[in-house]
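Any read-out appearing in this document is the output of simple, stated calculations on the displayed coordinates, not a laboratory observation. Keep in mind that what you see is a predicted model, and the values were worked out from it rather than measured. FYI the Cβ positions are ideal-geometry reconstructions off the backbone, even for glycines, and counts take in every protein chain you see.
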Amino acid sequence: MIVVPFDSKACVAPVFRELVEQLSIPSTSEVDFPYDWVLTEDNDVVVLKELSRPDLKPLYVDLIPTRRRYKSLPITKRGSLARALGRSTKTVIDATAGWGQDAMLAWMMGYHVTAIERSPAIGALLLDGWRRFKRYEQANRYPTVIVGDAKSYLVKHCADCIYLDPMFVFRKKRSSLAKRRLRVLRELVGDDEDREMLFESAWGAADKRVVTKRPTHAKPWFRPDQTFSGKMMCYDVYLKN
Ligand SMILES: C[S@@+](CC[C@H](N)C(=O)[O-])C[C@H]1O[C@@H](n2cnc3c(N)ncnc32)[C@H](O)[C@@H]1O
């Protein structure tokens, strides 16, 4: 269970108050203890605190590019993600936005991106990450972030490419922050067991292609038309015609 501090609706910065109201996250006064997570604000940053692990730093979404985070800057369209998204693609719906890293990469490659996340808490972190990014970098257009289930969104919206990266069991070695982010996502959102239904919605909404991401050790969901492999992840492409 994720809660916000009971005074957050009255006392903290307007942006956090708006997020809490918009996403209907309960406060500590509305829910009995124990709860495992607190979404709160720290120095103008929306953060997620893990109550069972007070030794760990709060998590937040940081989209500001650094060479450490995005190994080759500026981002070009030569890597496996770009090849999977496609040269003729202009619009991308990232239907499983999570921590927003793939949506950010797609945006940096010049695609028009809509990012959808169904967990209200992760959605709040993501909305806040983009709010801070907008102060850091001026651009004509930023990704649109939607908090809700992508299956419903895709009934009424389409894009050249729909991108799916649901939760998978990850076996290979990763950095401790990446491992922690995955563990937290798994604890908060589970295993995305409706992924085949999500694929169906994506197929209906894609004008040109659906791209699914998976760890290299996992099997493709179906029989893809193309696969672009990176070191740890593969992108399977399903073409519409
Ligand atoms: C592995 S994470 C995605 C990580 C993301 N690609 C990134 O770069 O940070 C999967 C996310 O998809 C979200 N998700 C799964 N199914 C969804 C759906 N039907 N609608 C919206 N979000 C969904 C989960 O809540 C989870 O946060």
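Before moving on, here are some points about what is shown:
- Long hydrophobic helices in the chain, taken as whole DSSP H segments with a C-alpha length of 20 Å or more on their own axis and mean Kyte-Doolittle hydropathy at least -1.0: 120-136.
- Inter-probe distance in nm under a simple model that places probes 7 Å from Cα toward Cβ, at LEU56 and GLU200: 3.5 nm
- Beta bridges per DSSP, both residues in the chain: antiparallel share near 50 percent.
- Close amide H contacts of VAL145 (hydrogens built in the peptide plane, cut-off under 5 Å, sequence separation of 5 or more or a different chain): ALA115.
- Efficiency of FRET between THR227 and SER29 - r from beta-carbon atoms, R0 41 angstrom, step 0.05: 0.20
- Residue of MET167, MET197, MET108 that the Gaussian network model of the chain assigns the largest fluctuation, springs spanning Cα pairs under 10 Å: MET197
- Inter-probe distance in nm under a simple model that places probes 7 Å from Cα toward Cβ, at GLU18 and ARG183: 3.5 nm
- Per-residue Karplus couplings for the stretch 228-233, computed as 6.51 cos²θ - 1.76 cosθ + 1.60 with θ equal to phi - 60°, are listed in order as 10, 9, x, 5, 10, 10 Hz, Gly and Pro entered as x.
- For the chain, modelled as a GNM whose springs connect Cα atoms under 10 angstrom apart, the maximal fluctuation among LEU85, LEU56, LEU126 occurs at LEU56.
- Estimated FRET transfer efficiency when R0 is 22 angstrom, pair ASN43-ASP192 (beta carbons, to 0.05): 0.10
- As a length-normalised measure over Cα pairs under 8 Å and 6 or more apart, the relative contact order of the chain settles at 16 percent.
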